[in-house]
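Participant: Below: one structure in structure tokens.
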Amino acid sequence: MARLNVGFILARRFTLCALGNFVDVLRLAADEGDRSRPILCSWKVVSPTLDAIASSSGITVQPEERLGDPARFDYLVVVGGLVDEIEQLHPETVHFLERAAAAGIPLVGVCTGTFALHRAGLMQGYRACVSWFHHEDFLERFDGLRPVSDQIFVVDRDRLTCSGGVSAAHLAAFIVEKHLGRARASKSLHIMILDEAAAEEPQPGMPLALGTDDPLVRRALLVMQQSIDAPLSIGRVVAQIGVSRRKIERHFREALGMTPLEADRLIRIEQAKHLLLATRRSATQIAAETGFCDLPHMIRVFRQAEGVTPDAFRKARGQGPARTSDGVQA
């Protein structure tokens, strides 16, 4: 019998990449090399019925077993998806999870799976991780739980939650390390070309200085975030959200005390800082990914904001300078 047995429950329109990242860490840790035999780990998708479940991308996954006895699993992972389509879990699924919780089986919320667990009444008194992108959605929908949106995953006793995407792999690696050792967890992440990360690693999300309850400003900030590699002019931002330039500038001034241009620059600087510390990409690559004209432009703006160059910022926090593909220091 495998030393680590994980059951997956998929919400309607679940996020395929979150499921895939979690499962691939288990798959790679379960066997030698890349042979995919479920020797040390096993994993199954379970459901009240054996009907195929559609992901948010339209690709379907076929459950392997009905719910049955939760005690056959060491962890039960609920994978969520589109925030606007979160539904009540099937009554049989809720009962299954309640039995698991009563037996002390850890419950895992991935992506908006945390929302589904909370809606099922299984997160009271627990800290929970949600994506920065869905932080306000969570506050609008639920009471009684303060979401954590500045870490990639949170472990609170027998509840483990993560923000989705690549953080699903990091949470899976945490579980693998606990049961099978660090070497197995590291192997999985290395094969997947992912850096190792602790729970406290920050999500690469919206800077805390831009937190606001103003819905218009929040919409504009999301537009900026989503076009970070090719920044939009303020004219295109206001056209996309359907307001006048004067109105958006007034809202930014009242909500944040800055102009939209200053907010956009802050978003890109914070993303550059995240990439400098969390990756080995060169400063030239980071400049391109964060919407600066070129490396000298990023260096100039970065120095104005942080008082140091990107390279000095990276070195001061224990990260050596990255190198380009031809071995030249960036």
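The values are calculated or read from the model by the stated rules, or taken from the named source; none is laboratory data. Every value quoted in this text rests on a predicted model; they were computed, and no experiment measured them. Methodologically, a virtual Cβ is constructed for each residue, glycine included, from the backbone with ideal geometry; neighbour enumeration extends over all protein chains shown.
Participant: Take the range 289-315 and flag every residue that is more than 11 Å from Leu276 (Cα to Cα) and either hydrophobic (A, V, I, L, M, F, W, C) or touching a residue at least 60 places away in the same chain (Cβ under 8 Å) (or both).
Facilitator: Glu289, Thr290, Gly291, Phe292, Cys293, Leu295, Met298, Ile299, Val301, Phe302, Ala305, Val308
Participant: Kindly list the number of the only condition in (1) of a type outside the set (Ser, Thr, Tyr); (2) under 18 Å from Leu160 (Cα atoms); (3) in contact (Cβ under 8 Å) with a residue 40 or more places away in the chain that fails for Gly20.
Facilitator: Only one criterion is unmet by Gly20, namely (3).
Participant: Mind checking whether some residue in the range 221-240 is assigned by TED's automatic domain parsing to the domain that holds Asp74 and either in a loop (DSSP other than H, G, I, E, B) or modelled with pLDDT under 90 (or both)? Full working, then the answer.
Facilitator: Going through the range 221-240, the residues assigned by TED's automatic domain parsing to the domain that holds Asp74 turn out to be none.
Within the range 221-240, none of the residues are assigned by TED's automatic domain parsing to the domain that holds Asp74 and either in a loop (DSSP other than H, G, I, E, B) or modelled with pLDDT under 90 (or both).
Participant: If Leu277 satisfies all but one of (1) over 23 Å from Ile152 (Cα atoms); (2) part of a helix (DSSP H, G or I), what's the number of the condition it fails?
Facilitator: (1)
Participant: Could you look through the range 9-63, keep only residues that are under 23 Å from the mean Cα position of the chain (by Cα) and in a loop (DSSP other than H, G, I, E, B), and pick out the one that is farthest from Lys178 (Cα to Cα)? Working first, answer last.
Facilitator: At the first step, the residues of the range 9-63 found to be under 23 Å from the mean Cα position of the chain (by Cα) are 9-29, 43-45, 53-61.
Subset that is in a loop (DSSP other than H, G, I, E, B): 11-13, 15, 56-59.
Values: Ala11: 27, Arg12: 30, Arg13: 30, Thr15: 25, Ser56: 31, Ser57: 32, Gly58: 34, Ile59: 32 Å.
Per the stated criteria, the residue is Gly58.
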